[in-house]
Amino acid sequence: MTQARKTLIVIAGPTAVGKTALSIAVAQQYHTAVISADSRQCYQEMSIGTAKPTPEELAAVPHYFINSHSIHEEVNAGMYEQLALSYCAEIFAQQDVAVVCGGTGLYIKALCEGIDEMPSVDRSIEKAIQAEFETKGLEWLQQSMLEKDPAFYAQAEQQNHSRLIRALAFIESTGTSILHYRSNTVKQRPFNILKIALDLPREVLYDRINRRVDMMMEQGLMNEIETLYPYRHLKNLQTVGYQEFYEQGTWPLPAEALTAAAEKVKQHSRNYAKRQLTWFRKDKGYSWFAPDETPQVLDYIRQSL
């Protein structure tokens with residue numbers, strides 16, 4: 001079969017919806033591998049807080065971009081595009097189908113459509129903004145972004161401090177909005193792309209998110225948090241599931257602070273799921289299913305190939 005007739009099956013959706021189980025079922029059906037599209041599960045040191053697939057799930061089919069990097073390394077969408085394309089080439093050399101699974105919409109977009117090349121950001125400026133954010137908080141960051149680049153701020157994920165820091169550092173480094181470099185030119189890929197997304201009724205999804213956080217705590221999330229405490233200043237640890245604990249201001253955390261942090265993780269995870277759904281619903285190329293509709297998904301794939 002020629003490369004042009006190879007197919008990449010995308011399985012996307014919000015956090016905790018059930019993407020991993022479906023991706024493994026699809027990969028097993030087609031005797032292929034799964035490429036993760038999760039911007040945090042690639043880090044070796046972050047496991048419980050990122051809800052990585054279990055060792056049993058990882059053993060069920062080959063996985064790429066899981067435990068592939070250290071928290072001390074920078075990984076971004078541009079790097080992911082090149083890495084994921086190389087993974088696809090490796091899989092397609094042996095199989096006709098590859099599966100990509102995750103909730104990081106920008107990474108999936110980079111793989112499927114490409115991402116624009118941009119000037120580099122002055123790291124000293126980015127570090128200075130990061131330090132000021134840690135002192136003054138999200139409200140200061142949002143106001144600074146609104147003043148410096150109101151067009152970007154109007155369409156940004158305004159609770160996503162990492163994106164705001166990067167965009168603010170970009171305009172301060174280059175004098176130009178990051179929007180100027182978003183051409184939205186879609187790169188043609190040498191394979192077909194089939195997009196599937198999962199969703200649940202909002203109250204069911206939110207309950208799953210809350211129960212997942214409780215399960216993380218039972219699995220030893222605090223041990224992981226404590227082990228990574230010396231590296232809490234790293235950008236890769238300033239993310240949902242970790243920053244809520246490090247922001248409490250005292251260490252080790254008293255019981256009331258621990259409870260408060262866990263509740264914030266639930267809240268921020270629910271907020272993130274809402275943003276993910278907004279992102280994926282903007283792409284009309286997705287076909288939507290419930291996570292328990294595996295037979296229907298397999299039928300849809302079979303008819304589409």
Check: Between residues in region 30-47 that are within 22 Å of ILE91 (Cβ to Cβ) and of a type in the set (A, V, I, L, M, F, W, C) and residues that are surrounded by fewer than 21 Cβ atoms within 10 Å (Cβ to Cβ) and at pLDDT below 95, which pairs lie under 8 Å by C-beta distance while being six or more apart or on different chains?
Finding: CYS42/VAL75
Notebook entry, point to check: in contact with a Lys or Arg (Cβ under 6 Å, 6 or more places away or on another chain), over 19 Å from ALA197 (Cα atoms) and not hydrophobic (A, V, I, L, M, F, W, C): does that describe GLY114?
Noted result: yes
Notebook entry, point to check: For LEU305, are the conditions met, namely being modelled with pLDDT under 95 and under 29 Å from LEU198 (Cα atoms)?
Noted result: yes
Item checked: Residue count, region 43-78 (criterion: out of contact with any helix residue (DSSP H, G or I) (no Cβ under 7 Å at 6 or more places or on another chain), closer than 24 Å to MET118 by Cα and buried (at least 16 other Cβ atoms within 10 Å of the Cβ)) -> 2
Next item on the list: Please tell me if ILE193 is touching a Phe, Trp or Tyr at 6+ places or on another chain (Cβ under 7 Å), within 30 Å of CYS101 (Cβ to Cβ) and either among the hydrophobic types (A, V, I, L, M, F, W, C) or surrounded by 15 or more Cβ atoms within 10 Å (Cβ to Cβ) (or both).
Entry: no
Checklist line | Members of region 125-135 that are among the hydrophobic types (A, V, I, L, M, F, W, C), surrounded by fewer than 18 Cβ atoms within 10 Å (Cβ to Cβ) and more than 16 Å from SER177 (Cβ to Cβ) | finding: ALA128, ALA131
Check: Taking GLN159, is it surrounded by 14 or more Cβ atoms within 10 Å (Cβ to Cβ), touching a residue at least 60 places away in the same chain (Cβ under 8 Å), assigned to a loop (DSSP other than H, G, I, E, B) and not assigned by TED's automatic domain parsing to the domain that holds GLU73?
Finding: yes
Note to self: Within region 173-277, considering only helices (runs of 4 or more DSSP H) that don't extend past its boundaries, which have at least 3 residues that are in contact (Cβ under 8 Å) with a residue 60 or more places away in the chain and not polar (S, T, N, Q)?
What the structure shows: 202-219, 221-227
Margin query: Against the conditions (1) over 19 Å from the mean Cα position of the chain (by Cα); (2) in the same structural domain as GLU74 (by TED's automatic domain parsing), where does MET215 fall short? Just the number, please.
Written below: (2)
Margin query: I'd like to know if region 115-124 contains one or more residues that are surrounded by 14 or more Cβ atoms within 10 Å (Cβ to Cβ), of a type outside the set (S, T, N, Q), part of a helix (DSSP H, G or I) and in contact (Cβ under 8 Å) with a residue 24 or more places away in the chain.
Written below: no
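Here's the yes/no breakdown for (1) of a type in the set (Gly, Ala, Ser); (2) buried (at least 18 other Cβ atoms within 10 Å of the Cβ); (3) at pLDDT 95 or above:
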site	(1), (2), (3)
ALA197	yes, yes, yes
PRO201	no, no, yes
MET216	no, yes, yes
GLU224	no, yes, yes
GLY241	yes, yes, yes
PHE280	no, yes, yes
ILE301	no, yes, yes
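Scan region 85-114 for residues that are among the hydroxyl-bearing types (Ser, Thr, Tyr) and either more than 19 Å from the chain's Cα centre (by Cα) or surrounded by fewer than 16 Cβ atoms within 10 Å (Cβ to Cβ) (or both) and report the count.
The number of residues fulfilling the criteria is 1.
The values are calculated or read from the model by the stated rules, or taken from the named source; none is laboratory data. Owing to the predicted nature of the structure, the values given are computational and were not obtained by experimental measurement. Using ideal geometry, Cβ is built from the backbone for each residue, glycine included, and neighbour counts are taken over all protein chains shown.
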